[in-house]
Amino acid sequence: MSNFSMAPGDEGGKGMREIDAARVTEAVARLCQEASMDLGEDAFAALERALEQEESPVGKDVIGQLIENARLARKEWVPMCQDTGVAVVLVDLGQDVHVVGGSLEEAINAGVRKGYQEGYLRKSVVGDPFERKNTGDNTPAVIHYRVVPGDSLKITVLPKGAGSENMSALKMLTPADGLEGVMDFVVEVVDEAGSNPCPPIIVGVGVGGTMEQAALLAKRALARPVGQPHPRPEIAGIEEKLLQRINRLGIGPQGLGGRVTALAVHMEVYPTHIACLPVAVNLQCHAARHKEAVL
């Protein structure tokens, strides 16, 4: 995690704290590069645990190569994967913060542009889903805002590659489907994805809310440190049961067979309508790329 200390002049009047848009741009640019080149210690630890758990010789070899690849990426400061993804940016904006010197959204996109260009990261964004013309700088980012108490601005950059994103799914279950229906759907999505999301994967699950809320919950779940259980014991228990079921599928590292198909399952839940049970599954490859900064 990167921390950026408060610069002189950040204190605003009347209880509002001012943060210059230029600082946001610099933070986002740095996070884009760090996320692509510096695998977090949480993911390293998860891969090392997987290496111990894996029984297949081929699977163990694959996990060993993934660990070595991540170490080399950090040492040489190059991307651990050529698909440096769409920049998904999660913003927790303190209600007592005022961004000055420009638009917050423009500052974030300027940071993505700077980070991807200066870091020589692959630009994968097309400006129109039908014309398919590359924007040339990986903008615009996909930005999700959440207003929270306080006077700080937390930014999480979560680059999302297509291999895992394309295997994600959402289903509007009925309340009668219950927990069993939710779990069956999650396992089914992973089973059908097979080797495409570059396992061992992290499985983000969102349950509740509405269609779009469930999808956002699943995305936010991927920003949790790999393997960190949900704070509610009953949800943590569901995560563990799902992980066990997924790892019994036999897909294994890179789809070559083995015991470890997933490193972790992260579930987030939200209240929903009496007639609804939306479930979203957002898969993440072994390169669990996410970095955050608090301004």
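The numbers here are math on the coordinates, done by the rules we state, and not lab data. None of the values given here were measured: they were computed from a predicted structure. Note that each Cβ is placed from the backbone with ideal geometry, even for glycine, and that neighbours are counted across all protein chains shown.
Just a few scattered comments:
- Using a Gaussian network model of the chain in which every pair of alpha carbons under 10 angstrom is joined by a spring, one finds that among G209, G15, G163 the greatest mean-square fluctuation is at G15.
- 31 Å Cα-Cα threshold exceeded, pairs from K114/K219; K123/K241; K75/K241; K60/K154; K75/K219: K123/K241; K75/K241; K60/K154
- Once both labels are positioned 7 Å from their Cα atoms along Cα-to-Cβ, the gap between R74 and E52 label points is 1.8 nm.
- Convex hull volume of the C-alpha atoms in the chain, normalised per residue: 139 Å³.
- Expressed to the nearest 5 percent, the antiparallel share of DSSP beta bridges inside the range 162-288 is 55 percent.
- Largest to smallest principal axis extent of the C-alpha atoms in the range 162-288, angstrom: 42, 26, 23
- Proxy reagent accessibility, fewest Cβ within 10 Å first, across D20, D128, D184, D83: D128, D184, D20, D83
- Residues considered: A218, A35, A176. Largest GNM mean-square fluctuation over the chain, using C-alpha springs under 10 Å, is found at A176.
- Least to most buried among I235, I19 (fewest other Cβ within 10 Å first): I235, I19
- Shape category assigned to the range 152-205 from the gyration tensor of Cα positions, a/c cut at 1.5: oblate
- Listed as lacking a disulfide-compatible partner in the chain: C32, C81, C276, by the criterion of no other cysteine Cβ under 4.7 Å.
- Applying 1/(1 + (r/R0)^6) with R0 = 41 Å to the Cβ-Cβ distance of V126 and E234 gives a FRET efficiency near 0.45.
- When only the Cβ of Lys, Arg, Asp and Glu is charged (+1, +1, -1, -1), the dipole of the chain relative to its Cα centre reaches about 260 debye.
- Over the chain, dividing the summed -39,500 (n - 2.57) contributions of all DSSP H runs of at least 4 residues by the number of residues returns a 222 nm mean residue ellipticity of -12000 deg cm²/dmol.
- On the beta carbon distance between D184 and V100, with R0 = 41 Å, the FRET formula returns roughly 0.25.
- Residues S103, S168, S36, arranged from fewest to most other Cβ atoms within 10 angstrom of their Cβ, appear as S103, S168, S36.
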